[in-house]
Amino acid sequence: MSIASNGAERPDPAQGRSASGDRPAGTFEVLATCGDARTGRLWTAHGPVETPCFMPVGTYGAVKGLTPSDLEIVGAQVVLGNAYHLAHRPGFDLIARLGGLHAFMGWSRAILTDSGGYQVFSLRGFQKIDDDGVDYRTHFDGSAHRMTPQSVLEVQAALGSDICMILDHCPPGDADRSVVLDAMQRTTRWAEVAAALRDRILGRHQLCFGIVQGGTDLELRRQHLSQIAPLPFDGLALGGLSVGEPTALMHSTIATVVPWMPEQRPRYVMGIGTPHDLLVAIRSGVDMFDCVMPTRHARNGQLFTWGGRLNIRQARYREDPAPLDPGCRCEACSRVSRAYLRHLHAQNDPLFGRWATVHNLYFYGQWVAVLRNALRDGSFAPVEDRLSRVISEHYPRDPGADELLTLDGEAASDAVRPGILPAGESVVPVDGASDRPSSSPILRPSRFPKRLSDD
């Protein structure tokens, strides 16, 4: 029986959080392996996280259009927020006064916050980097601020994040080796500062992850890992991927570098998220990953199914009575047809965004849960092979970073590539992405694509 054709073999992504007892935050246990792939459990102050785990992105403290109950139904265990954005809007001090980010957004499970360093470094011409931090002007009002290894920990301490990311320097994907090396060395200095300050700044139950840079240069990646791994971080992340480099090169970097990372700590790859990316990452031993792809694509009418990616804007769905995916048990597939969803999208009804986002996250939750369950019951090899066939048969042209941005209408200069949108279809900007005048410096982050973990 094919996973792709029948929902019976697809698990409910909301199931599986059955760990009993309580462990100190930061406890990580590997439960099963198959080659480099592994499944485990990371304990946080807000409960256990079953790994591997996909984390939906809620940059400003909300996954757009979804309630906390929606997120629980699609199986979200961790929601990712952005400390840079939250620090400025509505302000980390306000969130702290209101009980922290969990209380502010009504979310009882784990939260990981990115430092926002990527967003600041992408403000080309509006930031100045030195060995101690970076001076910058915000992307929304131009006000001047400074970000340091200490300040990003202080912001995340106020937010009450379960997992806090340190400040790192992420170079563009096409940067010269000398630029990558400089960013790597700066990240090491900042990591050493963060490691020395974390116990004084962060709460006792807050975890702190280090970040390994080095681009796609395996020698630099190994060198940087040897510098970051000895520091007292609770987990390690690979940064600087999915920032414009070829997808095949990104995948080979993940497959090579991840097995070098310490086995006893969780491994996180930042900002990756096609179904193929996740399959490669899990096969390589990654425990956690995030991306805006399922949520941003949803708002643009791009739906993920076990039979391939579906563009609801196409005329063929105008009178289609079928659900998005006959084997899917999400709220959208259980209640309404493709024709109705196409109608909602054409009318710009907010209900479309909600149902489409629920569907895409449900698909992602199932995709990861199938692999996680297979690792735990000893059937990973045949299940991995079947999901590889889903990729080769139904996702032969998984969108890369630039293609994702084009679909969202938020890239400053990328043109639509053949095969990404159907002939005659136009790019539809969302969320006011095209409302700013073209002269705005906010839309000119030279050589940096919009962060795939920023939504």
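Please treat every number below as a calculation from the coordinates, not as lab data. Bear in mind that the values here come from a model prediction, so they are computed numbers and not experimental data. Reconstructed Cβ throughout: ideal geometry from the backbone, glycine too, with neighbour counts over all protein chains shown.
Collect residues whose amide H, placed 1.01 Å from N in the peptide plane, falls under 5 Å from the amide H of residue 53; neighbours closer than 5 in sequence don't count.
Amide H neighbours of residue 53, under 5 Å, 5+ apart: 288, 289.
Could you work out the per residue convex hull volume over the alpha carbons of the range 273-397, in cubic angstrom?
Cα-based convex hull of the range 273-397, divided per residue, equals 102 Å³.
Take each of the peptides 360-366, 70-76, 29-35, 252-258, average the number of other beta-carbon atoms within 10 Å over its residues, and list them starting from the highest.
Put in order of decreasing packing, that is 360-366, 70-76, 252-258, 29-35.
Peptides 90-96, 265-271: what's the order by average Cβ count within 10 Å, highest mean first?
For the peptides 90-96, 265-271, the packing ranking is 265-271, 90-96.
Please identify which residues in the range 226-250 have an amide N closer than 19 Å to a label point set 7 Å out from the Cα of residue 185, following the Cα→Cβ vector.
Within reach of a label on residue 185, which here means backbone N under 19 Å from a point 7 Å along Cα→Cβ, the range 226-250 contributes 226-229.
Tabulate in residue order the Karplus-calculated ³J(HN,Hα) for the range 81-93, using 6.51 cos²θ - 1.76 cosθ + 1.60 with θ = phi - 60°, rounded to whole Hz; enter x for Gly and Pro.
x, 10, 5, 4, 5, 5, 5, 9, 9, x, x, 5, 5
How would 345, 224 line up from fewest to most surrounding beta-carbon atoms within 10 angstrom?
Fewest to most other Cβ atoms nearby, the residues stand as 345, 224.
Using only Cα atoms, what Kirkwood radius does the range 219-274 have, in angstroms?
In the range 219-274 this quantity evaluates to 11.9 Å.
Kirkwood Rh over Cα pairs of the range 52-293 into Stokes-Einstein at 25 °C, 0.890 mPa s: D in µm²/s?
137 µm²/s
So for the range 51-193: antiparallel DSSP bridges make up what percent, rounded to the nearest 5?
If I count the DSSP bridges inside the range 51-193, around 50 percent turn out antiparallel.
Over the Cα atoms, compute the radius of gyration (one decimal) and Dmax (the largest Cα-Cα distance, rounded to a whole number) for the range 157-307, in Å.
That works out to 15.8, 50 Å for Rg and Dmax.
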